[in-house]
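Heads up, the thing below is written out as structure tokens.
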Amino acid sequence: MPAQLIVNDEFRWQALAWAVTQPGQFVAFLNNNGIAYPNDPFPNRLYVGAKRVVCLNAEKQSNTQRAQREVDFFKALADAQQVRPSHWVGYFGYDLKNQVEDLHSRNPDRLGFPDAYFVEPEWVLDFQGDTVFITGEGSADALLQTIRTHPSTPYPLYLTPHPLPPIRCRVSPDEYQANVRRVQQLIREGDVYELNYCIEFFREDALLDPLTTYRALTERSPMPFSSFLKLGDRYVLGASPERFLKKDGRRLISQPIKGTIRRGQSPAEDQSLRRQLLASEKERAENLMIVDLVRNDLARSAETGSVRVDELFGIYGFRQVYQMISTVSATLRERVSWADAIRHAFPMGSMTGAPKIRAMERIDELEVSRRGVYSGAIGYITPDNDFDFSVVIRSLLYNAQTRYTSFSVGSAITYDADPEEEWHECLLKAQAIRDVLETPLAQNR
């Protein structure tokens, strides 16, 4: 049974700060920021340490795509869970698509994250109001005392006296718009119906304090699927608004986002923009195409006739934007495993386009950066084989060893998309992370 202890809200950040400063420890922090979400957001939960690790790094195994497919990651994770049911936390990187389908990734890997990485943690800390439930091997009271003596901000805040390195984009506005027009030509030719085209922003010689940066991002852009992952000297600082897939008993839930508009400067402007998004034929068409794709993905795992659209074109407000979110659910067939339910839906259709396989082939031709963790899925699995995963978007990836930091944004390109408007939508989605990176935050020197 987990130990139940009374704490204050700042204890969550103290616990994360303590975990991050433990040498060599794996850390995963899920944070819903108190935001309501249909079918519930992430729990507020901290995972620390690693009893077991299931990892796929195809680049280290071999340069061939064949080697990547020989290791069935979904089966390896399911087998580990069957041996000893437990909590698991981690991510499926986008390039795991190469196991799911006969695909490849041609772009260089500049960040060095494994293709997929899951951990059975040593400690699980569940934060519910003023109570923390601690599960692990050892004394929960001793752990509590250790955390309480640790400051919630591990490094002092000060402004760096040096100019910050520039944030650059791997494509220019002209190159981006030319590629949008190329996608539209593919649509006219019947090659794809919709394609999610993404671009990478990056900073070299970046020296970040990951925890301070994450807290700044959370304050600037609080999201229901916020996450912080530490794998050695690699970090994911996530502010995702989108659910990939959730399993609760035999119920599967997916909530694709397609449709974005900025927030207003006044309540009246806010409501006007909200109505504008809801009425947009273009945004509704984008959303509906992905809803159909998600329905097909879930049908591969579902009982016949159980796939349904619970909500179509729901408009939800976040700090920076309004988003159009639909909810699709299904009942898992009895002979389909939880791991295959994820496999059959991966990667999220909102990050590919339709038809899905052809869209992923074109993505690899058009984009100049390997997506890696971006547009994959971060989340957790319970000992009962329930799970919840977000889509990795609005997230900053950082390799502290090489001092390379990166974030990507994208939009769905359709027949009637305006290339210039799509570019500005990408800039809008990138703004929160840019604001954080362009502010001289605490540096650990």
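The values are calculated or read from the model by the stated rules, or taken from the named source; none is laboratory data. Bear in mind that the values here come from a model prediction, so they are computed numbers and not experimental data. No Cβ is skipped: glycine too gets one built from the backbone with ideal geometry, and neighbour counts run over all protein chains shown. Ligands, DNA and RNA are stripped out before the accessible areas are found, and what is left, the full protein with its side chains, is counted by its heavy atoms. Shrake-Rupley method; radii C 1.70, N 1.55, O 1.52, S 1.80 Å.
The figures follow:
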{"item": "Solvent-accessible surface (1.4 angstrom probe) belonging to D109, in square angstrom, nearest 10", "result": "70"}
{"item": "Diffusion constant of the range 125-244 at 37 °C, which comes from Stokes-Einstein with the Kirkwood Cα-pair radius and 0.692 mPa s, µm²/s", "result": "171"}
{"item": "Share of carbon and sulfur in the accessible heavy-atom surface of the chain [1.4 Å probe, %]", "result": "47"}
{"item": "Reference-scaled alpha-carbon Rg (2.2 N^0.38 Å with N residues) for the range 225-377", "result": "1.13"}
{"item": "R52-E303 pseudo-label distance in nm [points 7 Å out on the Cα-to-Cβ vector]", "result": "3.0"}
{"item": "Distance violations [Cα-Cα > 30 Å] among K51/K258; K51/K429; K246/K429; K356/K429", "result": "K51/K258; K51/K429"}
{"item": "Mean shadow area of the range 1-60, taken as a quarter of the surface of its Cα convex hull (nm²)", "result": "7.1"}
{"item": "Most to least packed among 196-202, 102-108 [average Cβ atoms within 10 Å]", "result": "196-202, 102-108"}
{"item": "Cα-derived Rg to Rh of the range 332-445, Kirkwood definition", "result": "1.03"}
{"item": "Trypsin sites (Lys or Arg not before Pro) restricted to the range 333-408 and DSSP loop, no more than 13 other C-beta within 10 Å", "result": "R335"}
{"item": "Accessible area of the chain divided out per residue, in Å², using a probe of 1.4 angstrom", "result": "40"}
{"item": "Among I413, I315, I378, residue whose mean-square fluctuation peaks in a GNM of the chain (springs only between Cα atoms under 10 Å)", "result": "I315"}
{"item": "Over the chain, equivalent-ellipsoid semi-axes from the Cα gyration tensor in Å", "result": "32, 26, 23"}
{"item": "Rounded to whole Hz, the Karplus (6.51, -1.76, 1.60) HN-Hα couplings of the range 378-392, x for glycine and proline", "result": "10, x, 9, 10, 9, x, 8, 6, 7, 7, 8, 10, 9, 8, 7"}
{"item": "Cβ charges +1 (Lys, Arg) and -1 (Asp, Glu), total dipole of the chain, debye", "result": "340"}
{"item": "Counted charge near Q401, where neighbours are those whose Cβ lies closer than 10 Å (Asp, Glu -1; Lys, Arg +1)", "result": "+1"}
{"item": "Gain in span if fully extended, L164 to L5, counting 0.36 nm per residue against the direct Cα distance", "result": "53.0 nm"}
{"item": "Value at 222 nm in deg cm²/dmol, rounded to 500, when DSSP H runs of n ≥ 4 in the chain each add -39,500 (n - 2.57)", "result": "-9500 deg cm²/dmol"}
{"item": "Principal axis box of the range 89-139, alpha-carbon based, largest edge first, Å", "result": "47, 19, 18"}
{"item": "Those residues of the range 6-28 whose amide nitrogen sits under 14 Å from the label point placed on F133, 7 Å along Cα→Cβ", "result": "6"}
